[in-house]
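Enquirer: First the structure, which I've put down as structure tokens, then a few questions once you've had a look.
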Amino acid sequence: MVMAAVSADVLVPRLEEKHDEPQEKKQKKTDEERQEEEDAPYREKVGLEKKQKKTDKEKQEEKEDVHYREKAGLPLDDELLSDNDDDDEDDDCFPGDLPEMTRAEYILYHQQVDESGGFDVDDFSHSFACGRIETMGFGGVIDDADKKELGEYSMEAIHKYNTDEKKNFKFKEVVKANVQCVAGLMYYITFKAEDVSTATIETFQAKVWRGIGFVEVTSIRVKPISISKQGNEDLAKCS
């Protein structure tokens with residue numbers, strides 16, 4: 001009789017613990033559904049199918065793929081991004097209460113960087129990610145001080161282009177610019193310049209690195225007509 005009583009006492013809490021599990025699963029399911037709803041507009045924009053639940057084995061394989069892709073400096077696509085909600089390694093990177101980019105935003109961002117070379121990306125300022133290329137200006141409008149500085153960098157870039165290509169373009173105006181924190185700042189500047197000999201106006205794209213105590217034009221090109229196919233390939237590296 002004593003043994004029966006002990007067994008009953010032991011079984012009761014176990015049954016109670018088991019009873020709590022469905023509620024936790026229900027809450028987890030609700031969070032996943034909410035995340036999927038937030039991702040929906042971005043997944044639709046890049047043509048991604050509805051996300052399917054992955055097995056533990058698939059998740060482990062994806063984590064390994066992510067590790068090697070990060071090591072090789074390759075962009076991560078949507079199928080390789082794993083849940084990092086409990087990972088606090090990068091907490092110091094996040095200013096204020098800005099949330100991380102969603103998976104769909106992340107794949108859209110990398111798609112735009114790959115297609116445009118970093119010159120044409122959406123404004124994701126409602127979220128945060130370390131090392132991301134950001135659009136300059138408020139609502140696309142760059143303030144006068146920044147525009148003046150960007151104009152000076154653009155003139156240096158077009159001077160380099162004229163020297164290398166034996167052309168005679170004159171800087172006209174800054175169209176737009178993006179910026180990325182590196183060892184200093186990397187500017188992705190889109191600007192217009194006029195061919196003095198033909199009065200033809202072309203749109204140029206230049207990457208200008210402002211380091212500590214120096215400014216370097218790292219690349220410049222005429223903006224490709226079909227930028228989605230050319231991406232970084234047309235960037236003429238400056239020696």
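Enquirer: Among 124, 119, 128, which is of a type in the set (Phe, Trp, Tyr) and open to solvent by 40 Å² or more (accessible area, probe 1.4 Å)?
Expert: Selected residue: 128, the only one of 124, 119, 128 that is of a type in the set (Phe, Trp, Tyr) and open to solvent by 40 Å² or more (accessible area, probe 1.4 Å).
Enquirer: Given (1) modelled with pLDDT of 95 or more; (2) open to solvent by 40 Å² or more (accessible area, probe 1.4 Å), identify the lone condition not met by residue 96.
Expert: Answer for residue 96: the failing condition is (1).
Enquirer: Let me ask something additional. Can you tell me which residue is nearest to the chain's Cα centre (by Cα) among those in segment 176-186 that are closer than 19 Å to residue 120 by Cα and open to solvent by 10 Å² or more (accessible area, probe 1.4 Å)?
Expert: 180
Enquirer: Identify the single condition in (1) open to solvent by 80 Å² or more (accessible area, probe 1.4 Å); (2) modelled with pLDDT of 95 or more that residue 220 does not satisfy, given that it satisfies every other one.
Expert: Tallying (1) open to solvent by 80 Å² or more (accessible area, probe 1.4 Å); (2) modelled with pLDDT of 95 or more, residue 220 fails exactly one: (1).
Enquirer: Out of the residues in segment 100-154 that are of a type in the set (S, T, N, Q) and touching a residue at least 24 places away in the same chain (Cβ under 8 Å), state the one that is farthest from residue 210 (Cα to Cα).
Expert: This residue is 102.
Enquirer: Quickly run through segment 155-175 and pick out the residues that are open to solvent by less than 80 Å² (accessible area, probe 1.4 Å), in contact (Cβ under 8 Å) with a residue 24 or more places away in the chain and not charged (D, E, K, R).
Expert: 157, 158, 161, 169, 174, 175
Enquirer: If we keep just the residues of segment 188-215 that are free of Cβ contacts under 8 Å to residues at least 40 places away in the same chain and touching an Asp or Glu at 6+ places or on another chain (Cβ under 9 Å), which is least open to solvent (accessible area, probe 1.4 Å)?
Expert: Out of the qualifying residues, it is 193.
The values are calculated or read from the model by the stated rules, or taken from the named source; none is laboratory data. Everything quoted here is computed from the prediction, not taken from an experiment. Backbone-built Cβ (ideal geometry, glycine too); neighbour counts: all protein chains shown. Just so you know, the surface numbers come from the protein's heavy atoms only, side chains and all, with ligands and any DNA or RNA stripped out. Shrake-Rupley method; radii C 1.70, N 1.55, O 1.52, S 1.80 Å.
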